[in-house]
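The values are calculated or read from the model by the stated rules, or taken from the named source; none is laboratory data. Keep in mind that what you see is a predicted model, and the values were worked out from it rather than measured. Cβ placement follows ideal geometry from the backbone for every residue including glycine, while neighbour counts extend to all protein chains displayed. The accessibility values were calculated without ligands, DNA or RNA, using every heavy atom of the protein model including side chains. Shrake-Rupley method; radii C 1.70, N 1.55, O 1.52, S 1.80 Å.
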Amino acid sequence: MKRTLFDAEHDDYRASVREFVARKVQPHYTDWENDGIVPRTLFADCAALGTFAAVPEEFGGSGIRDFRFNAVLAEEAAHAAVAPALLGPVLQADVCMPYLLDLTNDEQKARWLPGIAEGTTITAVAMTEPGTGSDLAGIATTAVRDGDNYIVNGTKTFITNGINSDLVICAVRTGPDPHRGISLLVLERGMPGFTRGRRLEKVGLHAQDTAELVFVDVAVPAANLLGEEGGGFFGLTANLPQERVSLAVAAIAGAAAAVDWTLRYVRERRAFGHSIGAFQNTRFTLADLVTEVDITQCYVDRCVEELVAGRLSPVDAAKAKLWATELQSRVVDACVQLHGGYGYMAEYPIARAYADSRIARIYGGTSEIMKEIIGKSLKLNN
């Protein structure tokens, strides 16, 4: 079924992204996986590609705020089997930038956006803490007002771009109320007391840096407060639909890529005198997979359309994130099985996808949290 999400300008951008990935990412991907981090220059390269084009023109961007361009980058990264390398730039474009576009004042925009537009400033969002996962109300990192500064103490973990980041949008507790006591502060590289913990060793996503961040009496200027004090929880939740659709887009792209790799493999691989694809079990398995992928793609595309139109609800975003990530896990597992022993060899993209995709059901809100959001919308407790 022909997709109707994209216009001609998105198709032109896709061609540019495909060429960019082939030239700038794929030749270096193995080295970046071994290093556990991508070079900072990749963000500058992505900026030249247009990844951060949503920055307004007066600050060095193009002012084009169309999430469909973001979706193109995620899809091409998945099909080229290099999504972990581009996860950092995707996080900056899809998750961090809405905060820095919507919650900043004029002075903050002038201070931070030019570097983001040119890819020399790298950003991260720090919500998760060692004792607090999906429960934003449980945030314990404190920020106590002291004159013109906030004094920040606490620890964040599982932070994407944790090593590379220059600006960290940090959820902190400024008051006792579970929700209205949360604020957003931007911590900057080099602030005394702000240190990076160890780069975390993960099961997958090896080319993407994930780290712990430690704050000990960090003096953060009050001028780095995003929005109003006490408005952090609502700022976080307002951006969650886009974050979750971003994850859904990546998940369904990863599932579709896994099916494509597997179709090629089963056509070429032979057993008992026939191609593996000639066996009924293979055909039936892949028939189920392509059907589920196509149906899910339609729903995710509709969510992207609603997001672009400013109408996407948190519940619909949760549905997309839940279903697409759960489907990705099922698809990748089935495709590993169809590859046989080669599906367990790291040289094959399906094996790397098996390790890389498992986190999708956890980050951005676990599948269980997505079900809770959807379930609450049904008003079953009345």
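A search for C-beta distances below 9 Å between a residue of segment 1-20 that is touching a residue at least 24 places away in the same chain (Cβ under 8 Å) and closer than 18 Å to ARG302 by Cα and any residue that is open to solvent by 80 Å² or more (accessible area, probe 1.4 Å) and assigned to a helix (DSSP H, G or I), counting only pairs 6+ apart in sequence or on different chains, returns MET1/ASP294; LEU5/ARG302.
Tally the residues that are among the aliphatic types (A, V, I, L, M), assigned to a helix (DSSP H, G or I) and free of Cβ contacts under 8 Å to residues at least 24 places away in the same chain, restricting the search to segment 264-296.
The initial filter retains those residues of segment 264-296 that are among the aliphatic types (A, V, I, L, M), namely 266, 271, 276, 278, 286-287, 289-290, 293, 295.
If we keep only those that are assigned to a helix (DSSP H, G or I) as well, we get 266, 276, 278, 286-287, 289-290, 293, 295.
Now drop any that are not free of Cβ contacts under 8 Å to residues at least 24 places away in the same chain, which leaves 278, 287, 295.
Looking only at that region, the number is 3.
I'd like to check something: does segment 239-260 contain any residue that is closer than 30 Å to ALA71 by Cα, open to solvent by 50 Å² or more (accessible area, probe 1.4 Å) and modelled with pLDDT of 95 or more? Working first, answer last.
Of all residues in segment 239-260, those closer than 30 Å to ALA71 by Cα come to 239-260.
Narrowing further to those that are open to solvent by 50 Å² or more (accessible area, probe 1.4 Å): 260.
After this cut, where a residue has to be modelled with pLDDT of 95 or more as well, the list is 260.
Yes.
Among the residues of segment 97-125, the ones that are assigned to a loop (DSSP other than H, G, I, E, B), open to solvent by less than 60 Å² (accessible area, probe 1.4 Å) and farther than 14 Å from PHE52 by Cβ come to 2 in all. Applying the selection to segment 261-284, what residues are under 16 Å from GLY343 (Cα atoms) and either modelled with pLDDT of 80 or more or of a type in the set (D, E, K, R) (or both)? Hits for segment 261-284 are TRP261, THR262, LEU263, ARG264, TYR265, VAL266, ARG267, GLU268, ARG269, ARG270, THR282. Looking only at residues in segment 147-190 that are acidic (Asp, Glu) and at pLDDT 95 or above, which one is most open to solvent (accessible area, probe 1.4 Å)? In this case the residue turns out to be ASP148. Residues in segment 38-68 that are open to solvent by less than 40 Å² (accessible area, probe 1.4 Å) and under 30 Å from THR262 (Cβ atoms): VAL38, LEU42, CYS46, LEU49, THR51, PHE67.
Set side by side, the residues ALA15, ALA48, ALA81 differ, and just one is in a loop (DSSP other than H, G, I, E, B) and modelled with pLDDT of 95 or more, which is ALA81.
When VAL308 is tested against the conditions (1) under 25 Å from the mean Cα position of the chain (by Cα); (2) open to solvent by 20 Å² or more (accessible area, probe 1.4 Å); (3) farther than 26 Å from ASP7 by Cα; (4) touching a residue at least 40 places away in the same chain (Cβ under 8 Å), the lone failure is (3). Hey, can you tell me all the residues within segment 1-25 that are surrounded by fewer than 13 Cβ atoms within 10 Å (Cβ to Cβ) and farther than 13 Å from VAL82 by Cα? If the condition is that a residue be surrounded by fewer than 13 Cβ atoms within 10 Å (Cβ to Cβ) and farther than 13 Å from VAL82 by Cα, then MET1, LYS2, ARG3, THR4, ASP7, ALA8, GLU9, ASP11, ASP12, ALA15, GLU19 are the ones that fit.
For THR128, the conditions (1) under 16 Å from the mean Cα position of the chain (by Cα); (2) under 24 Å from ALA223 (Cα atoms); (3) open to solvent by less than 30 Å² (accessible area, probe 1.4 Å); (4) free of Cβ contacts under 8 Å to residues at least 60 places away in the same chain all hold with the exception of (3).
Does TYR299 qualify as being closer than 21 Å to VAL90 by Cβ, assigned to a loop (DSSP other than H, G, I, E, B), open to solvent by 30 Å² or more (accessible area, probe 1.4 Å) and in contact (Cβ under 8 Å) with a residue 24 or more places away in the chain? Step through it out loud before you land on a result.
Numbers: closer than 21 Å to VAL90 by Cβ: yes; assigned to a loop (DSSP other than H, G, I, E, B): no; open to solvent by 30 Å² or more (accessible area, probe 1.4 Å): yes; in contact (Cβ under 8 Å) with a residue 24 or more places away in the chain: yes.
Judged against the criteria, TYR299 is not a match.
Close Cβ contacts (under 7 Å, 6 or more residues apart or on different chains) running from residues in segment 338-362 that are outside any helix (DSSP H, G or I) to residues that are open to solvent by less than 30 Å² (accessible area, probe 1.4 Å) comprise MET345/ALA351; TYR348/HIS339. Taken together, ALA334, ALA318 contain a single residue that is under 23 Å from THR237 (Cβ atoms) and open to solvent by less than 50 Å² (accessible area, probe 1.4 Å), which is ALA318.
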